[in-house]
Structures are given as structure tokens and as C-alpha cells.
1. Which number in (1) at pLDDT 85 or above; (2) surrounded by fewer than 18 Cβ atoms within 10 Å (Cβ to Cβ) marks the one condition that G467 misses?
2. Is there a residue in region 515-537 that is of a type in the set (F, W, Y), outside the structural domain of R62 (by TED's automatic domain parsing) and part of a loop (DSSP other than H, G, I, E, B)?
3. Does region 74-127 hold any residues that are assigned to a loop (DSSP other than H, G, I, E, B) and at pLDDT 90 or above, and which are they?
4. Does D267 meet the test of being of a type in the set (D, E, K, R), within 29 Å of E292 (Cα to Cα) and touching a residue at least 60 places away in the same chain (Cβ under 8 Å)?
5. Give region 319-364 a look and list any residue that's surrounded by fewer than 17 Cβ atoms within 10 Å (Cβ to Cβ), part of a loop (DSSP other than H, G, I, E, B) and modelled with pLDDT under 95, or say none.
6. Can you tell me which residues in region 544-575 are crowded, with 19+ Cβ neighbours inside 10 Å and either without any contact (Cβ under 8 Å) to a residue 40 or more places away in the chain or not in a loop (DSSP other than H, G, I, E, B) (or both)?
7. Among L602, L587, which is of a type in the set (A, V, I, L, M), within 28 Å of the chain's Cα centre (by Cα) and either at pLDDT 95 or above or not assigned by TED's automatic domain parsing to the domain that holds L545 (or both)?
8. Among V501, V527, V494, which is β-branched (V, I, T), in contact with a Ser or Thr (Cβ under 8 Å, 6 or more places away or on another chain) and crowded, with 17+ Cβ neighbours inside 10 Å?
Amino acid sequence: MNIRKTIFLVIAVLCLSGCSSSQNGKPKGDKTVVTMLYTSDLPNVEQLVETTYPDIDLQIERNALGTIDGETERRLRNGHGTDIVASTLATGDVLNYLVDLSADEYIAAYQSGIMRKTAKDGKNLFIPLPAQYYGYIYNATLLRENGLSVPTTQDELLAVLEKAKADHIGIDENGTVFAVDGTPAVTATFAIVTKIPDFFGLSEGIQWLDELKSGKGSFAESFDTCLDLPLEMIDKGYMDPLPFSPVSNAAPIFEKMSSGKMLMAFDSVNMLDEIRKNSSYEFDMLPMLSSEGNPAWTVSTPTAFLGINKALTEEGNEDRLDACRKILGLLSTPEGQDAFMMDNGAAYSYLVDYAPSMDIVPDGIKDCIDAGYNYNISMSNDFMRYFGDRCNAVLCGQKDMDSAIAEVDEYMQNGGDQTATLIGTIDHDMIVENYNVRTQETEIGNLIADAVREIIDVDIAVVNGGGIRGSLYEGDIYSYDLEYVCPYENHIIVLEVNAEVIKSMLSNSLTTMIRDVEIPGGRFLNVSGLKYSFSAPTDDSPAQLLDVTLPDGSPLDDNAVYTIAVTDYMAGNAGYSDNNGDGYTMLNVYSDDVPKAENVKLVRETEYTFQSILKEYIISHNDEEIASQIEGRITSVNENE
């Protein structure tokens, strides 16, 4: 095959419809505050912007990659969109809320191909941020020290994994040597990119893509084998199926790879960069490998697309609109691209004639890139979530491949299966932002905990912050809103526990408020039927539980038995390997991986999830607007105060 070009694969899926938006940011002192929702901090970008424009204060709010598109669109529809709008794909309902950038000078700085792909009705509404490369991250030190060759084909890859497993090289406590994190977007990406060398790099793949764009293509005709590789890895014990389960955490790739407890993983250059910074081992990246003798390919996708909230065109927002244009213009320079690459580990810029100031591309994929064997894959978040969910169901044994692909085809032809069922109203916004449900008391955390306590009828209810992923907005609440708020399917159970167990549980909830990867862990507990206080964590010392009382301020009775509602996930239903269960071994009534908990009795199992119980709670209060407020259930004490 003699193909030397980059092929842009764009699967555009329309998202939810929406309404007009407004923005309520205010100047900070004599500076113009500009807000932006993104998946990580951007310190170099912020410094560049605020140094270049001292009158601008750029504020980045962090949000998980898996929810950024859905939460972005929901915010825009409900009048809470940030000034600069970030999306993983320039398609869908979000386009209705963006300023036309076509006349802005910096648009001409980008490659015409990417701009044509992301334009709507001839208008440019986004600029593309630098791209991430994806591939197989591998521990080069372990390969070299154990006499294993770097694989160049898919068969060689499987042979290396077989040898590593047999000889316990780069192996974890589950006996696996390879990982994919299991979030739907990454699973969908992995399923598709395994098809690149032997499908998309050939004429039949190009023809299939053309047919798909015209509405004639079918996934069933070409993608029934897209999970053959990961299924084989699972069948042979190279990879754990647990992270693909809807009740499980994502695989902890960073922790395992950096510690040498995992030989290989499918992930991005950004992950590779983080692992390299925190490990004594040497790492590199492999491209996607062929099983049929075709050349290997790399895969890349824009880290995000940035646009400007159309609400800023309304009277009174002139300063913020101008500031946003300046920021996008600055990011469209080599200096802006360099700053973003330093922050995010991206490795490819879409600027015309861009010359990188640093060498970010891993050695293992340079030849493919130099030869032009690189796919740029852009998919809508809705499609990624739907396709990835179906792939995950196959990989964890809940669904067969034929039915999964049939559902994907149905989705492509007729759209999603969401139903706009009105279930109630809410009296004010309850916002999830900056991972607040993982560090402090929040209105939405109180609401969900209260719902669990009332419906399950227990003394105490706790809700782990990682189970709350989206906001609720003033006005009507529809069933699909709750899918964003509480997407996980863990079931709620009732335990009988004593005061000692409650204190141990709360202490564990505070242990991941600060982590090396910057995002607070999801084990932080929102509560109903309790109050607790803790010392604020610092870089030098973790948070410590200080006091626990009942809602009226009276102490827990050391001789009493309390009924408490938790998820079966916390009680070890999926085990405690790979940090599943978030370390709540003091509640363990299921897992055989660790000793069963003392002073804990399983009283009742239910079919309720956070999502279903919140729905029932709202419906049961349909004669009133749902309300919740901060009331001092959780208090953080700063030792310096």
C-alpha cells in the first residue's frame, strides 16, 4: 500500500436541540474575566494570555473528558455556558450557541482541510486545538531487560503479551499485562482505530466512509470484527474486562504503568507524558499494528475545538467578546500552540507551516507520521458515548456483538433513544463544577443523599462524589437530565453498622481529595442523616476527619446500630482490585479479595440506582418544586484560619 496522506474521518452525529443562552460573568477589578470549561488546568495558556493581555483574567474550570460535551451543551441550553466553549467535536446542538468566527483574521492561520471539515453552512464557528496522538504505550525498560522485541505487527503484539503474562513481566495483581481505561469514548476509539491498518488504510475503508457520510453505510457490514482484538486479549487473560462494566471505575492506567505493574496500555501522548514524568522506567508508544502485512498507522484527534458563546453578542458583553477574540487569536499563534502543548501533551498543530519548538512526538510513531500514515479521527460525543457503551457491554459479557452493532446502526439511522419525559421541576440551579462534589458540601449532593435516605428509609445515606457527573438547572427536569447527573448503574443496599464503621468510612472518603493527577478522587461522601468536619488537605498532609455528629449536633452512640444506604460498589460487589470500591473495605460484605467487614450486616439489597431513586424522589414531590441548600452538613477546617 502506497498511501501518503492524512485521512480525516469525521462521523458527525447531531445532538440535542436547545434554546437561547445568556452569560452572567462580571469584571474582576479592572480586568475582564473570561471563563472556559476544560478537562484540565492550563497554566501555561493562562500565563501567556494574562501576560500578553494584562487586562484579561482567564479562568479555567475543570471537567471530566467523558462528560465535557454533554455538560457543555446542557449549560448552554440553560444559560450557563462559559465564555469560551470547548467541545471535542465541532458538530451538534452546540453549534447553535456559537459566534461566527469566519471574518476573524486568525481563521486563515489554520489548515483549510480541518476548517472545511468543521464549518457549518460555510461558517467557521470553532478553531481546532492541537491534536493528541493515540497508540500503544509500552514499558521499554521491561521489554529490554527481559529480552522482548518491540512488536511491529498485531501478531507480534499478542506474542509479547503472552510471554509477559507467562513470565510475570509488567503484570498486575489480576494477572493482566494490558489495559484500556474503559470509559466509553476511549473504548469506542480503540474499537475503531484497530481497524485502521487493515480497513481504513485500504480502498474498501475509504469507500465505506463515503457511503456512511451519504447515509448508505452500515456498521454491521464492516465493524462486526472491530472488537476481535480486545476480546482475544480478555479471553487469554491479558486484559481485565472489569473496567468495561457500567458499575466499575476506569482502569488506573497512570498508576499501574508508572509503577511497572502494567506492560502496555492504549492511551494518548498526554498519558504517556504524565507516566514519563512520574516513573523511573523508560516508555514509548507504538502505532496501530496490522495483522495482514499492511503498514502501521498512527491516529490523532484534535484535543478540543474552541468557540465563543453567542450570548456575548448581546448588548453589554462587548468587553468579554473582544477578550475572547483576543484569546482565540493568541492561541492561533505558534506561541499559543506551544503553551497549550506544554499544558496538555498534544503533539500536532493544525496551523499552516507550524514549526514545533519542542519535540513531543514519541520516537515509536515518528516514522508513521513522517510517512503520512496518520488518521485524524473526530467523532461526536453522543456517538462516542453510544458506540462506546455498546462496545463496553460486549467486552464485559453483557451483550453479543451482533446485537450491539445492530443498535449502533439503528442509532446512526434514527438517532438516540432518549425520551423527553417530564418528571418535575427544580427551584434553582444546582451546579456541579470544578469537581465540587468531590471536595465539599453541595446542594446537588445533599439532594441526592436526601432522596436516597427518604426512599430507602434509613438512618443515614451517603453518595460518593464520583457518582455525580452533571448539574440540575432551574425549571423542568426531564428523564434524560438524570442520565447526565447520575450515569452509573450501581445498586443501593442497606447495611447495619456501628459508629466506628461510620467514622472509618468517612475517613476513607477524604483520602483522595488531592492526587498526583490533579483531579480529586470520587470517593468523597455527600451525606444525609450526618454531619462531619475535616481538616483541609495540603500538599504536605492529607485531609483528616475531625468530628462526626447526627444532624442535631449530638454525638454518635458507640453502642447503637445505624441503618445506612450505600452502593453495592462501595461494599465490594465488584471487588476492591484496581481501586474499585474506592477502598471502602470497612463496608465489605461481597468481595473475597479482602476480609469481610466487622460490625457490618447486609440488611437489604435493592434494584435502585442513584438515577432511579432521584427520579422517584422528584416524582413523589411533584406537587412542589424540588429544593436543596447548603446547611453545614460538611465542614472543611483550614488550620491557618
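1. Of (1) at pLDDT 85 or above; (2) surrounded by fewer than 18 Cβ atoms within 10 Å (Cβ to Cβ), only one is false for G467: (2).
2. Checked region 515-537: at least one residue is of a type in the set (F, W, Y), outside the structural domain of R62 (by TED's automatic domain parsing) and part of a loop (DSSP other than H, G, I, E, B).
3. Listed by number, the residues that qualify are T82, D83, V99, D100, L101, S102, A103, D104, N124, L125, F126.
4. Considered against the rule, which asks whether it is of a type in the set (D, E, K, R), within 29 Å of E292 (Cα to Cα) and touching a residue at least 60 places away in the same chain (Cβ under 8 Å), D267 comes out as yes.
5. V352, D353, A355, P356, S357, M358, D359
6. Answer for region 544-575, where residues must be crowded, with 19+ Cβ neighbours inside 10 Å and either without any contact (Cβ under 8 Å) to a residue 40 or more places away in the chain or not in a loop (DSSP other than H, G, I, E, B) (or both): V548, Y562, T563, I564, A565, V566, T567, G572.
7. Of the residues listed, the single one that is of a type in the set (A, V, I, L, M), within 28 Å of the chain's Cα centre (by Cα) and either at pLDDT 95 or above or not assigned by TED's automatic domain parsing to the domain that holds L545 (or both) is L587.
8. Criteria check complete, one pass: V494.
The values are calculated or read from the model by the stated rules, or taken from the named source; none is laboratory data. Nothing here was measured: the structure is a model prediction, and the numbers come from that model. Glycine gets a Cβ as well: all are built from the backbone with ideal geometry, and neighbour counts include every protein chain shown.
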